[in-house]
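Remarks on the structure that follows.
Values quoted throughout were computed directly from the atomic coordinates according to the rules given, and no laboratory measurement underlies them. Here the structure is a predicted model, which means the values were calculated and not measured.
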Amino acid sequence: MEQHDVERIARAALKDLGLFQPDLKVAPLDGQPGTWRIDIRGNVNGPGTLKIRCGAGSSPQWVREQIVTQYNDG
């Protein structure tokens, strides 16, 4: 999965959670293939950082589920 895919899915998932224009920074974690860090700047209602795992065969639904679960548990 590419960075722009992760960012697109994150934006859509966070919009469903009530963040309509989140200021995101999405980056792969060095030394951890298939692991992405999502920084949500200016977020006062949930965690500021999410860490998800996804690879070439991961579905958008799997990525979304990780984001929603971490955000709600945050």
Checklist line | Residue-span extension gain [Ser59 to Gln32] - 0.36 nm each, minus C-alpha spacing | finding: 7.8 nm
Next item on the list: Find the centroid of the Cα atoms in the range 43-74 and in the range 1-32, then give the distance between the two in whole Å.
Entry: 8 Å
Notebook entry, point to check: By how many nm would the segment from Val44 to Glu7 lengthen if fully extended, with 0.36 nm per residue of separation less the alpha-carbon distance?
Noted result: 11.4 nm
Notebook entry, point to check: With axes computed from alpha carbons, what is the tilt in degrees of helix 60-73 against the longest principal axis of the chain, rounded to the nearest 10 within 0 to 90?
Noted result: 40 degrees
